[in-house]
1. Ignoring ligands, DNA and RNA, what percent of the accessible area of the range 25-131 is carbon or sulfur (1.4 Å)?
2. Using Cα pairs closer than 8 Å and at least 6 residues apart in sequence, work out the relative contact order for the range 158-241, in percent.
3. Students often check this: by mean Cβ neighbours within 10 Å, which of 177-190, 310-323 ranks highest, and how do the rest follow?
4. For the chain, take the longest principal axis of its alpha carbons; what is the angle in degrees between that and the long axis of helix 53-75, to the nearest 10 within 0 to 90?
5. Would you mind getting the accessible area per residue of the chain, heavy atoms of the protein chains only, 1.4 Å probe, in Å²?
6. Between 299, 43, 165, which gets the highest mean-square fluctuation from a Gaussian network model of the chain, Cα cutoff 10 Å?
7. Mind checking which aspartates and glutamates have their Cα closer than 17 Å to the Cα of residue 257? Skip sequence neighbours fewer than 8 apart in that chain.
8. Helix 303-314 against the longest principal axis of the chain: what's the angle in degrees, Cα atoms only, rounded to the nearest 10?
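The values are calculated or read from the model by the stated rules, or taken from the named source; none is laboratory data. This one's a predicted model, so the numbers in the text were calculated from it and none came from an experiment. Here the Cβ positions follow ideal geometry from the backbone for every residue, glycine too, while neighbour counts run over all protein chains shown. The area values use the complete protein model at the heavy-atom level, side chains included, leaving out ligands, DNA and RNA. Shrake-Rupley method; radii C 1.70, N 1.55, O 1.52, S 1.80 Å.
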Amino acid sequence: MTTAEPILILGIDTSCDDTGVGLVALHSGGRMEVRANRIWSQTVHASYGGVMPELASREHVERIDAVMDDALLEAGVSVADIGAVAATSGPGLVGALLVGLMYGKGLAQGLGVPFYAAHHLEGHIYAAASEAELRAPYLALVVSGGHTHLFDVLSEGEYRLVGATRDDAAGEAFDKVARLAGLGYPGGPAISEAAKRGDPTGVAFREPMLGQSGYDFSFSGLKTAALLAHRAGASGADLAASFQAVAIKHLLRVTRKAAEHLGRETVVVSGGVAANTALREAFGKSELRAVFPGQGLNTDNGAMIALAGAAAIRSGRAAHGLGDGAVAYAPLANVE
Ligand code: KG4
Ligand code: ZN
């Protein structure tokens, strides 16, 4: 291989209920380019009202080969072209994580290429590298079904947690409000759709205020207020529009406050909730330089893990051994 040829990195995420496989080309100048991003979203959980861990693992086992083939096809490459493998090792459901992790390790071993264990949240942040070069320092707001975390990224790979939800994650609140209003699952897209027909001032929500210091978030009070409004007869559309508006207002206010105090201009907004159009508009209109992941890279996917792997390779981080296992809980923050 000549030095001008890009390194092709395979990324795998099986942390929850999506089987994601992606391919990223790392060019010699450091540019990262998404070549494929295939996702199999599990639907078996719909009737249970939540993700069933054992069913998730089994479905990953059944699907991963096909998703891998699709990704190779999309990129027009073969397995032999893969130059490095990255797979999520945590946080997530351990049985589910193990499927992608072992698949990735086996592949790396078989091909004789380096293996990188990736942190799921680092993957969410690097999803935005599909759209813009991320130059630290910057803020990273990860808003998903399981996380609402605000990081100050001090330098590449150096994360300080500056804020987090005190109760429900933002996506979890979207899901719960959608369910109580009978709007369907997953709740984020359902709320976003219903909100287009509703009045954002139709239900009087009050934004959670958590004192004057710190950059924490809270969503459980909004969920309770939504339940009361629903019982009082608010329409699903008004409830969706009003809830969405106040949730976005809250996320934006706290993030702006942190950006101002910490002197940051750029904020990466990623995770499933970052797919929300109204949220993108609100952040886009603010004085912040908001960077969002490209299409298909907001919710869990393999390309974001390949991007995190590419960043690790680019900054000369050592590859991981094959000994490290899957971890259910793993903080990303590594700076106090
Ligand atoms: O990142 P993700 O796929 O999984 C986790 O790691 O949690 O995020 C899923 C979450 C769900 O709660 C879903 O309702 C939410 O992201 N979501 C949205 C939208 N699309 C997905 N929330 C608001 N608006 C959307 N358009
Ligand atoms: Zn996620």
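1. Numbers: 2410 of 4620 Å².
C and S fraction of accessible area: 52 percent.
2. On the way: 121 pairs, mean separation 34.9, N = 84.
That works out to 42 percent.
3. On the way: 177-190: 19.9, 310-323: 15.4.
Ranking the peptides 177-190, 310-323 by packing returns 177-190, 310-323.
4. Helix 53-75 and the main axis of the chain meet at about 60 degrees.
5. Averaged over the residues of the chain, the accessible area is 43 Å².
6. 43
7. Partners within reach: 152, 207, 216, 265, 287.
8. 60 degrees
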